Structure formats: C-alpha cells, structure tokens
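The values are calculated or read from the model by the stated rules, or taken from the named source; none is laboratory data. No experiment lies behind these values; they were computed from the predicted model shown. Cβ placement follows ideal geometry from the backbone for every residue including glycine, while neighbour counts extend to all protein chains displayed. What goes into the accessible areas is simple: the full protein's heavy atoms, side chains included, and nothing from ligands, DNA or RNA. Shrake-Rupley method; radii C 1.70, N 1.55, O 1.52, S 1.80 Å.
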Amino acid sequence: MPKVSVIVPVYNVENYLPQCLDSILAQTLKDIEIICVDDGSTDQSGEILDQYASKDKRFMVLHRANSGYGAAMNAGLDVAKGEYIGIAESDDCILPEMYETLYLAAVRDDLDLVKSDAIYWIESLGYRKRIHDPWLDDYYDRVLYEEDRNLLFDFFMNIWTGIYKRTFLQQFTIRFHESSGASYQDNGFWIQTLLYCQKAKWLNQAFYWYRQDNPQASVKSKTKIMAMTKEYEFLARTLCDRKDYHFLSYCYYYKLYRHRGTFLRIADEQKRMFCDQIQKDFRLYQGFIKGNYFLENWYRKIVKNPDGVCEEVIRKKAEVQVRLDHAGGIIIYGAGRRGDVIFRGLYQEGYSDLIRCFAVSQKPSGEMIAGKQILSIEEALRRFPDGLVILAVARGSGMYQQMAENLAALGITDYMDGSDLEENFYII
C-alpha cells in the first residue's frame, strides 16, 4: 500500500502536462503511486503519459473514451491503493515537500483530511500570490472537529491542496458527479468531504501552484450556464438518498451562493435566461442565505426587476471596457488584497499589458507584483501622467475616502472605482 495515491485527470493539456508530472516526480515522499486518467485526449497528452510511465513504475495510466472530469476522477478512485488520496490538476504544479508534509500531519493526528493553502500562478507574467485569509490564522495547524464544521467552509474552496484518507472516502461513498465535460464536478466532492469528515486540519503553508493562464480552463467558460446548478442538484439528491437531510442547508446555501458567480461568468446574452433559474431557486431556498445581506439584496433586485439588473450589469461592463480601451495605461492604487483582485480581473479581461504599476499612499516597500513596481501615488502619476487610476479598496471605506482625497490634492478627479470591476466581472 503506497502512502499516497495521486490522481491526475488529463484532457488535452500537452502544453502543461510535463511540468505537472515533473513536479509530482520531484516529491520528497517517494512511496506514492501516480494514477493518470487520460479522458480521451486528442492531442499528445496520452503519448506524454505513456512516456512517463515507461520510465517510472509508480505511474499507472488509464486511457478512456472521453466521459468527463467526474467519471475520470471516479476511475482513478476505483483503482487507487494508497492510504491517502491526493489530486493534482494536470495544468498545475506542486512543491516537492507537499505530499510528505501533508502525509506526516495526517498520520500524526489520524486525520480524515489535511489541506493547505494554494498559490495563484500566472507563469507567463512570473506572478505568484498565496491565497490566504488572515482572519483564519487561529484555526490553522490545529485539529478541527465536528463542532468546527462551519469553519471548514471558510477556507479557500478547492479539492487539490490536500489529501484524503481513502477509507474515509469509501466509508461515506464520497464520489464525483459523472456529468459531461469538465464543469465544476469538484464542488460536490468538496462539500461531501467537509460534511462527513470528523477530524481535519489546514496547514499554514502553501504548496500548490494554481495556474491562471490556461485559456481552456472550465472556470473561464462563458457558455456553461447550468453546469453549477446541476452539480448542486446532484449533491441534493445524494444527501437525500443517504437520508442526511440535516446537511441540505449547506447544499442550498452554496447553490444560491454560486449563482452570482455563474451570472457574472456567462456571456451577456445568456444572463436574462439564467435569471429564471435564479428567481426559481431564491423562492425555494431564500431562507438558507438569511444573514448574508449582500447576497440577499442581490437576489431581491433580480426577483424584482431581472431585465433591469441584466441591462445595468451589461451597461456598466461596457462603460468599464470603453474606459480601459481608451486608457494610455493603468495605475492600480492599492497593493493589498483588493489590488491583487483588480490585477487578476484585468488580466482575465485582457488588459494586463496596460498595467504600468501599483501605487500606495505611504512609502513604497520596494517590492514588485507580477513584474510591476509598487510606487508612491505621487511617483506613479509623475511617471505615468496618462495612466488611468483604479482605486483598489472597498467602496465607501475610510481608506477609499482618504485615497480619493489624496488624488484630489494631486489634481486627479477622474479615476475608476475598482468595485465596478469586482461587481460586474467574474474574477477567479
């Protein structure tokens, strides 16, 4: 029995696959098996897998007709023999010490699952940023139990930064939804693992490089309208079949929570049609988001006037795009978490080449973000006088007011509110 079985689902990723496989081979934990499931690739991915398998007996390659991500993952689970199960997406990379560190932590505390943080990675820009919520710091590196279950859902949503005890997955029959394509089947698996685990831990470290520059990634699709909705319908059926009705509140909350992301992600001409699903689910499950005032307010607006909401979002998006298209450059005013979000949003919409620098109000640290300098706002405006300033802080906050006053003192009254990007564009 290997200590960890690493399952790698593969479909047409020849440009990224060798990097991923090399990072797994570099693991300091040698007692692993690497199960690569070729889901009917039509490029050279299958041949690449066979080449690696011919050189290392720890590889197992399953070639299958294309059946979708969920079916590929279940095929890997069916043959895995490891004490723990790991998952690596075939366009991502992992640091050498990942599985050894996770495995030692899992065995020490007999954990059902142990996870860590991830790193946003744009290889083409040399950009890496750890995904971490500081408010959760008190809950890292400690065993979390059933009474902590709500907390588990506050950590970054993913299935690949950790390992899962194989007998735990088998005991609760935790499987993937075998829907077609590679469309959000990780959601059902993620929720099931957090609902049924009895002992879990998050390590205050980051090992997993989460690629953002694969244009074929499913999270960037503007056409998959109902994929997320169907994933939560699968989860609800699964919980009802098991008679675990007490867990349905989590399912319904996240179904409503994900609708907003889907609404922003899909093409503009599809938004009005999707509003019918939004209205239907809100009427059924609105009680499960009580207390999330931002989300409740968003739903109420759509229920009251779906045409108006769609028109407003499309109009605001167009206005933002026109301003960006005519900008001589972009200065992101704010180098903290929101500055990072604005940067990723601009990258996803194809405007990263316009970014000239980041700016701060105080003395700059001398650091860089994605190859861009962090300058004082005064220096940024001096160097890039034609740059469009984007305020990368929460609208209405005291910091926002102070930064607006700083700009006014420098003669700048025409700037962009970064919240207009966050509220109208889908940012991963």
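A few points about this structure:
- Hey, GLN51 more than 22 Å from ASN74 (Cβ to Cβ) and under 23 Å from the mean Cα position of the chain (by Cα) or not: no
- Some residue of region 65-74 being at pLDDT below 95, of a type in the set (Ser, Thr, Tyr) and out of contact with any strand residue (DSSP E or B) (no Cβ under 7 Å at 6 or more places or on another chain): no
- Residues of region 142-197 satisfying the condition of being crowded, with 16+ Cβ neighbours inside 10 Å, part of a loop (DSSP other than H, G, I, E, B) and of a type in the set (Asp, Glu): GLU178
- Qualifying residue in region 94-112 (condition: over 24 Å from LEU195 (Cβ atoms) and of a type in the set (Val, Ile, Thr)): yes
- Counting residues in region 16-29 that are among the small types (Gly, Ala, Ser) and within 24 Å of ASP213 (Cβ to Cβ) gives one or more.
- Residue check, ARG283 among the charged types (D, E, K, R), within 29 Å of ARG344 (Cα to Cα), in a helix (DSSP H, G or I) and out of contact with any Leu (no Cβ under 6 Å at 6 or more places or on another chain): no
- If you go through region 309-327 and keep only what is of a type outside the set (A, V, I, L, M), in contact with a helix residue (DSSP H, G or I) (Cβ under 8 Å, 6 or more places away or on another chain) and more than 15 Å from GLY418 (Cα to Cα), you end up with just CYS310.
- Just so you know, in region 198-210 the residues that are out of contact with any Lys or Arg (no Cβ under 9 Å at 6 or more places or on another chain) and open to solvent by 10 Å² or more (accessible area, probe 1.4 Å) include one that is nearest to ARG344 (Cα to Cα), and it is TYR210.
- The residue that is surrounded by the fewest Cβ atoms within 10 Å (Cβ to Cβ), among those in region 243-269 that are in a loop (DSSP other than H, G, I, E, B) and in contact with a Ser or Thr (Cβ under 8 Å, 6 or more places away or on another chain), is ALA267.
For every residue, the table says whether it meets (1) within 30 Å of ALA318 (Cα to Cα); (2) among the aromatic types (Phe, Trp, Tyr).
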{"site": "ARG175", "(1), (2)": "no, no"}
{"site": "TYR184", "(1), (2)": "yes, yes"}
{"site": "ILE191", "(1), (2)": "no, no"}
{"site": "LEU194", "(1), (2)": "no, no"}
{"site": "ASN204", "(1), (2)": "no, no"}
{"site": "ARG211", "(1), (2)": "yes, no"}
{"site": "CYS240", "(1), (2)": "no, no"}
{"site": "PHE247", "(1), (2)": "no, yes"}
{"site": "PHE282", "(1), (2)": "yes, yes"}
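- Scanning region 228-242 for residues that are out of contact with any Phe, Trp or Tyr (no Cβ under 8 Å at 6 or more places or on another chain) and either acidic (Asp, Glu) or open to solvent by less than 40 Å² (accessible area, probe 1.4 Å) (or both) returns THR229, GLU233, PHE234, LEU235, THR238, ASP241.
- Filtering region 96-137 to residues that are closer than 30 Å to ASP31 by Cβ and acidic (Asp, Glu) leaves GLU97, GLU100, ASP109, ASP110, ASP112, ASP117, GLU123.
- Count of residues meeting criterion [closer than 20 Å to GLU423 by Cα and of a type in the set (Asp, Glu)] in region 260-286: 2
- Residues of region 248-277 classified as of a type in the set (A, V, I, L, M) and more than 22 Å from the chain's Cα centre (by Cα), total: 2
- Checked across region 410-427, the condition of being open to solvent by less than 70 Å² (accessible area, probe 1.4 Å), in contact with a Pro (Cβ under 7 Å, 6 or more places away or on another chain) and not in a loop (DSSP other than H, G, I, E, B) holds for no residue.
- Of all the residues in region 329-340, those that are farther than 19 Å from GLY398 by Cα and in contact with a helix residue (DSSP H, G or I) (Cβ under 8 Å, 6 or more places away or on another chain) number 3.
Listed here are the residues, each with its yes/no results for (1) among the β-branched types (Val, Ile, Thr); (2) within 18 Å of PHE425 (Cα to Cα); (3) under 23 Å from the mean Cα position of the chain (by Cα).
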position: ILE332; (1), (2), (3): yes, yes, yes
position: ILE342; (1), (2), (3): yes, yes, yes
position: GLU349; (1), (2), (3): no, yes, yes
position: SER352; (1), (2), (3): no, yes, yes
position: ARG356; (1), (2), (3): no, no, no
position: LYS363; (1), (2), (3): no, no, no
position: GLU378; (1), (2), (3): no, no, no
position: ARG382; (1), (2), (3): no, no, no
position: MET399; (1), (2), (3): no, no, no
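- Selection from region 278-312 of residues that are surrounded by 15 or more Cβ atoms within 10 Å (Cβ to Cβ), without any contact (Cβ under 8 Å) to a residue 40 or more places away in the chain and of a type in the set (Phe, Trp, Tyr): PHE282, TYR285, PHE288, TRP298
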